[in-house]
Amino acid sequence: MNATGVALALFIGMLLPLQALINASLGKQTFGPVFASLASFMVGTGVLLAWWLLTRPVFVPAALAKVPWWAWMGGVIGAVFVASATLLVPRLGAASLICLVVAGQLVGSVVLDHYGVLHTRQPVDALRIVGLLLVVAGAVLVVKPWQASGG
């Protein structure tokens, strides 16, 4: 495994709760969580457009016609995630939100890997199930659903 890739993934993971907190703050100071999510995507779109243009891409518009409809759903999922995180972080807290998101990502990833959805199949095994259960248990310990909210 590439150490640089692992470090970058950890760093990005550390930024996600900050993104949710920033967006929630923007929503409180402006027109709500959906506007804050929209603003986040607008700024992000500008950054990505500049990055893409700086890499001198070859753009062939006809290639877009060959892309299946479902390949565009990543943007929908991203919008739902950012808007939901912006809405939920003030209610759940950053740690609980991210723990629940990570647990959900792991459950989804194990299922997608097992069935080979959009990539090479990687069947589930006992170690993956144990790892999944440990992450879910960790999320439960952070979220503490047995305690009243605020406590």
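Of all residues in region 31-72, how many are under 15 Å from residue 20 (Cα atoms) and polar (S, T, N, Q)? Give the derivation first.
Initial filter on region 31-72 (under 15 Å from residue 20 (Cα atoms)): 32-41, 43-44.
Next, only the ones that are polar (S, T, N, Q) stay: 37, 40.
Total satisfying the criteria: 2.
So, in region 33-82, of the ones that are among the small types (Gly, Ala, Ser) and more than 30 Å from residue 104 (Cα to Cα), which residue ends up most open to solvent (accessible area, probe 1.4 Å)? Before the answer, list the steps.
To start, the set of residues in region 33-82 that are among the small types (Gly, Ala, Ser) comprises 36-37, 39-40, 44, 46, 50, 62-63, 65, 71, 74-75, 78-79.
When the remaining residues are screened for being more than 30 Å from residue 104 (Cα to Cα), the result is 50, 62-63, 65.
On the way: 50: 47, 62: 66, 63: 51, 65: 91 Å².
Once the filter is applied, the top-ranked residue is 65.
Within region 62-69, can one find any residue that is among the charged types (D, E, K, R) and at positive phi?
Looking for residues that are among the charged types (D, E, K, R) and at positive phi, one finds none in region 62-69, hence no.
When residues of region 91-130 are filtered for being of a type in the set (A, V, I, L, M) and closer than 30 Å to residue 21 by Cβ, how many remain? Steps first, answer last, please.
In the first step, residues of region 91-130 are kept if they are of a type in the set (A, V, I, L, M); the result is 92, 94-95, 97-98, 100-103, 106-107, 110-112, 117-118, 124, 126-127, 129-130.
Within this subset, residues satisfying the condition of being closer than 30 Å to residue 21 by Cβ are 92, 94-95, 97-98, 100-103, 106-107, 110-112.
Residues that pass the stated criteria total 14.
What number of residues within region 106-121 satisfy the criterion of being assigned to a helix (DSSP H, G or I) and open to solvent by less than 70 Å² (accessible area, probe 1.4 Å)?
The total comes to 7.
Return only the number of the condition from (1) in contact (Cβ under 8 Å) with a residue 12 or more places away in the chain; (2) assigned to a helix (DSSP H, G or I) that residue 124 does not satisfy.
Here residue 124 clears every test but (2).
If a residue counts only when it is touching a residue at least 60 places away in the same chain (Cβ under 8 Å), which helices (runs of 4 or more DSSP H) contained entirely in region 1-105 have at least 3 such residues?
Working: elements: 3-29, 33-54, 61-64, 73-92.
Once the helices (runs of 4 or more DSSP H) in region 1-105 are filtered for at least 3 residues that are touching a residue at least 60 places away in the same chain (Cβ under 8 Å), what remains is 3-29, 73-92.
Taking the stated definitions as given, is residue 139 assigned to a helix (DSSP H, G or I) and touching a Cys at 6+ places or on another chain (Cβ under 7 Å)?
Numbers: assigned to a helix (DSSP H, G or I): yes; touching a Cys at 6+ places or on another chain (Cβ under 7 Å): yes.
For residue 139, the condition - assigned to a helix (DSSP H, G or I) and touching a Cys at 6+ places or on another chain (Cβ under 7 Å) - is met.
Results for (1) at pLDDT 95 or above; (2) among the hydrophobic types (A, V, I, L, M, F, W, C); (3) under 14 Å from the mean Cα position of the chain (by Cα), shown as yes or no for each residue.
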residue: 2; (1), (2), (3): no, no, no
residue: 5; (1), (2), (3): no, no, no
residue: 26; (1), (2), (3): yes, yes, no
residue: 42; (1), (2), (3): yes, yes, no
residue: 47; (1), (2), (3): yes, yes, no
residue: 56; (1), (2), (3): no, no, no
residue: 64; (1), (2), (3): no, yes, no
residue: 112; (1), (2), (3): yes, yes, no
residue: 117; (1), (2), (3): yes, yes, no
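What is the number of the single condition among (1) out of contact with any Asp or Glu (no Cβ under 8 Å at 6 or more places or on another chain); (2) over 22 Å from residue 19 (Cα atoms) that residue 84 does not meet?
(2)
The values are calculated or read from the model by the stated rules, or taken from the named source; none is laboratory data. For clarity, every value in this text was computed on a predicted model and none was experimentally measured. In this analysis, Cβ positions are derived from the backbone assuming ideal geometry, glycine residues included, and neighbour counts consider all displayed protein chains. Please note that ligands, DNA and RNA were not included when accessible areas were found on the heavy atoms of the full protein model with its side chains. Shrake-Rupley method; radii C 1.70, N 1.55, O 1.52, S 1.80 Å.
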